[in-house]
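Taken together, the values in this text are just the output of simple stated rules run on the coordinates, not laboratory data. A quick note: this is a predicted structure, and the numbers were derived from the prediction, not measured. Because the Cβ atoms are built from the backbone with ideal geometry, glycine has one as well, and the counts that use them run over all protein chains shown.
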Ligand SMILES: Cc1cc2nc3c(=O)[nH]c(=O)nc-3n(C[C@H](O)[C@H](O)[C@H](O)COP(=O)(O)OP(=O)(O)OC[C@H]3O[C@@H](n4cnc5c(N)ncnc54)[C@H](O)[C@@H]3O)c2cc1C
């Protein structure tokens, strides 16, 4: 257990830990494919499965298409943090979107966490959900000052939150690298691959027809209002198409591709830690992330490994070199882990948007929920579920569907050539913050 090594990355396994630990899943490739359905869902991650489940529960004939294997995208590669909150705090949401829509947007993030817990319970999913709260850590002194106000703001908006001063941080985390923290109880962590596998079973139980290895190539409207979804295995006629491709959005939905920027994020996990080391690092099992522009996020896994994620630039890179940089960052935060072996490392893609908000909507028979901006485990499947209820059964539209969905303000067709420049700006901000510490 957690042997020390001169080169902690010497034998790193590039498989995703969650996938490596997951029991064998059914093979859903090569199944007979219908040529007509009420709803065709594109993408087999959390969003696609939640949309397929809801549509099937509403009585629709549903075909879900996943180009690779179910969960191949971010849904089984993430850190499993179930978090409420947008990039913008409650007050900023009101300033940006007004006194009615702003609070509704904030409420929706809290509802997304509740929806996650309720769905797991309702469907009997063995996702290992533990609601031990999250702690955002102030990298700079100024960040800590802002957190005091943010805690008040969140509490007033109905999300109980507390500022943890530097002197008390030791009760929360085994490091003295931060100036304070913002604690939100009620959020938590799960095993994303087990959660995803459970959602797949739930969607199938509801009657959805799930397919792996089928790529949607083009969505074409017909004169009668229906859509033709051209796929790598032939065409399917549909009344409604739902796109849940987030950071993997491609030419099948060109209008969405011009609005979603794929950004890679990387994760390392250590060998299981000795009980006392794990308890020192995370005595309360919180989900952690910091306030840097290139933020780090970390947590203990249920088998007491430290999972540590982030990235250090937007220049093209390899999983191995990102893993090395992450290992250095992890040891800077938790010197207790110097030399501890990194067992797994991997990467995946997030979907960013220009306004840093997730989006849902419908246009000409194509509905969608995407643009997680880093936090999609709770929000995107919730949004997909709500969107299907709205489109198919006339339920209230999600508040997020009322936001305009801005185009990337640059010539852009899916290759984010401008991100290295954005990254240099982020790096400068983080350096400046580090100098002021
Ligand atoms: C490293 C990492 C860590 C993260 N950590 C967290 C976290 O701790 N908490 C949190 O809230 N969020 C986190 N996220 C974000 C979260 O994982 C995503 O928001 C969420 O999984 C998105 O789910 P999705 O179903 O929308 O998309 P995905 O899971 O990415 O699935 C999209 C799927 O669409 C498929 N696809 C694309 N095009 C087509 C096509 N034409 N035809 C058929 N299929 C297609 C892809 O193959 C892919 O499987 C993290 C993401 C990453 C990458």
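Mind pulling the angle between the C-alpha long axis of helix 319-333 and the longest principal axis of the chain? Nearest 10 degrees, somewhere in 0 to 90.
40 degrees
Taking N as the number of residues in the range 196-238, what value does Rg over Cα atoms divided by 2.2 N^0.38 Å take?
The range 196-238 yields a ratio of 1.42.
Order of 188-198, 308-318, 67-77 by packing, highest average Cβ count within 10 Å first? Spell out each step's value before the answer.
Numbers: 188-198: 25.0, 308-318: 18.0, 67-77: 23.2.
Ranking, from highest mean packing down: 188-198, 67-77, 308-318.
Quick one: give the max-minus-min coordinate of the C-alpha atoms of the chain along each principal axis, largest first, in Å.
65, 50, 44
Please report 81, 419 as a ranked list, fewest other C-beta atoms within 10 angstrom at the top and most at the bottom.
Numbers: 81 24, 419 19.
Ascending number of Cβ neighbours within 10 Å: 419, 81.
Taking the Kirkwood radius as the inverse of the mean 1/r across Cα pairs, report the Rg/Rh of the range 43-167. Walk me through the numbers before you get to the answer.
Values: Rg = 18.0 Å, Rh = 17.2 Å.
We get a ratio of 1.04 for the range 43-167.
Given springs between every Cα pair under 10 Å in a Gaussian network model of the chain, which of 43, 80, 365 has the largest fluctuation?
The residue that fluctuates most here is 365.
Equivalent ellipsoid semi-axes for the range 150-271, as square roots of 5 times the alpha carbon gyration tensor eigenvalues: give them largest first, rounded to whole Å. List each step's numbers first, then the result.
On the way: eigenvalues 376, 68, 56 Å².
That gives 43, 18, 17 Å for the three semi-axes.
Compute the orientation-averaged projected area for the range 319-437 from the convex hull of its Cα atoms and round it to one decimal in nm². Before the final figure, lay out the partial values.
Numbers: hull surface 44.4 nm².
Over every viewing direction, the Cα hull of the range 319-437 projects on average to 11.1 nm².
For 277, 16, 269, what's the fewest-to-most ordering of other Cβ within 10 Å of each Cβ?
Numbers: 277 20, 16 23, 269 26.
Exposure proxy ranking, most exposed first: 277, 16, 269.
Beyond 21 Å, what share of the Cα-Cα pairs of the range 131-207 is found? Please give it as a whole percent.
Working: 1255 of 2926 pairs.
That fraction is 43 percent.
Hey, with R₀ at 30 Å, roughly what FRET efficiency would residue 215 and residue 275 work out to, going by the Cβ-Cβ distance, to 0.05? Provide the component values of the computation, followed by the final result.
Numbers: r = 46 Å, r/R0 = 1.53.
Calculated transfer efficiency: 0.05.
Could you work out how far helix 419-435 tilts from the main Cα principal axis of the chain, as a 0 to 90 degree angle to the nearest 10?
Its long axis makes an angle of about 30 degrees.
Binning at 10 angstrom from zero up to the longest distance, how are the C-alpha pair distances of the range 72-123 distributed in percent?
Cα pair-distance distribution for the range 72-123, in percent: 23, 38, 29, 10.
Taking a quarter of the surface of the convex hull around the Cα atoms of the range 201-339, what do you get in nm²? Provide the component values of the computation, followed by the final result.
On the way: hull surface 50.4 nm².
One quarter of the hull surface, i.e. the mean projection, equals 12.6 nm².
Taking the chain as the reference, fit the longest principal axis to its C-alpha atoms, fit the long axis of helix 90-123 to the helix C-alpha atoms, and give the angle between the two in degrees, 0 to 90, nearest 10.
80 degrees
Debye calculation, C-alpha points only, no solvent: report log10 I(q)/I(0) for the range 285-324 at q = 0.17 Å⁻¹, in the same order as the q values.
With no solvent term, the Cα-only Debye profile gives -0.54.
Select from 416, 99, 160 the residue whose mean-square fluctuation is largest in a Gaussian network model of the chain (Cα-Cα springs shorter than 10 Å).
Between 416, 99, 160, it is 99 that shows the largest mean-square fluctuation.
Using a 10 Å cut-off around each Cβ, can you sort 400, 57 from fewest to most neighbouring Cβ atoms? Walk me through the intermediate numbers first.
Numbers: 400 25, 57 20.
Final ranking by Cβ density, sparse to dense: 57, 400.
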